[in-house]
């Protein structure tokens, strides 16, 4: 993501260029109903013009501003849809319009509609745009799950069964199982992309050797033990492993996973954390909050804004929790509001 400030008669605007798919998630969190969003779009002329001048009936490219009524984004997809009512544009264009935002798109937001925490998310997206995401595989003796990291979750991109390598009869060998994994994984491994291999037993070590042999010794391959394969094994590894490649350590996904693991551990012990609107409000009033955790479903609400403002006023850190992974969904079911504490509070 690239950000630029622009001033015109409407006021100070933030120009946002979307560079990668993860930027769409950040924009989804930032844009609220009632905000004004400007961008280029395509519209048909109104019915009267179409009747008088049929040669103009094709869709025309025009610059529009809408008042947002809804946003639509499905995790791990390639576009964000922003719907709203047209408030600025050619004089003959009225009604509703939907911007379809994807990598390469540029939009403008009014700065006075963007909060401190909204701006923090946009700047975070800008900083992370140049960092490579990691890819990997989690495997055991039954199957291998290929995945790629996004800032807001893990995307499973394919599964390879060990039987397809001839494990159970047919004269096959483990070699074909490993070869099939390497063949599927390598095309996604751009230059400098860290590759994470997770799982129990010796399978991960053998696969790592195959990948290094194929890609060369310069390949960034990291082997992590886990008690199980699949996405569950990847989450276990990312929550509890220290000393990973610095790109992986700095990823939002890892930091969020570890913060949630810490939070859940504190809740389980009955100390060091609290959750629920009333308890977190009380902790904020007492200045007891070290880090406010807030689910994305709460982040854009009035209650969310009130909590974030209170956290900012007391110097507490704030972390947005994605609902695109299991721990985040569990946190959301707990109400989506939690806090790591500086000190204990009564009751």
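Go ahead and estimate [θ] at 222 nm for the chain from helices alone: -39,500 (n - 2.57) per DSSP H run with n ≥ 4, summed, over the residue count, rounded to 500.
Value at 222 nm, helices only: -10000 deg cm²/dmol.
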Q: Report the label-to-label distance for residue 163 and residue 6 in nanometres (one decimal), using points 7 Å from each Cα along the Cα→Cβ vector.
A: 5.6
Q. Taking the stretch 259-342 as the region of interest, what is the percent of Cα-Cα pairs per 10 angstrom bin, listed from the shortest bin to the one with the maximum distance?
A. 21, 58, 21, 0
Q. Which entry in [x] 5, 23, 33, 28, 10, 1; [y] 6, 25, 36, 25, 7, 1, 0; [z] 5, 21, 25, 22, 16, 8, 3, 0 is this structure's computed P(r) over Cα pairs in 10 Å bins from 0, in percent?
A. [z]
Q. Among 26-32, 204-210, 85-91, how do they line up from the highest to the lowest mean number of other beta-carbon atoms within 10 Å?
A. 26-32, 204-210, 85-91
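Can you figure out the FRET efficiency of residue 277 with residue 83, using R₀ = 41 Å and their beta-carbon distance, to the nearest 0.05?
Working: r = 29 Å, r/R0 = 0.72.
My answer for the efficiency is 0.90.
Write down the Kirkwood hydrodynamic radius of the stretch 1-157, to one decimal in angstroms, obtained as one divided by the mean of 1/r over all alpha carbon pairs.
Kirkwood hydrodynamic radius for the stretch 1-157: 17.5 Å.
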Q: Return one number: the angle in degrees, 0 to 90 and rounded to the nearest 10, between the long axis of the Cα atoms of helix 174-185 and the longest principal axis of the Cα atoms of the chain.
A: 20
Q: Which order do the peptides 197-203, 122-128 take when ranked by the mean count of other beta-carbon atoms within 10 Å per residue, highest first?
A: 197-203, 122-128
Q. Expressed as an acute angle from 0 to 90° and rounded to the nearest 10, what is the orientation of the C-alpha long axis of helix 116-128 relative to the principal long axis of the chain?
A. 50
Q.
On C-alpha positions alone, give me the angle between the axis of helix 203-215 and the longest principal axis of the chain, in degrees, nearest 10.
A. 70
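Throughout, read-outs are computed from the coordinates displayed, never taken from laboratory work. Since we're looking at a predicted model, the values are computed, not measured. A quick note on method: Cβ atoms are made from the backbone with ideal geometry, for glycine too, and the neighbour counts reach across all protein chains shown.
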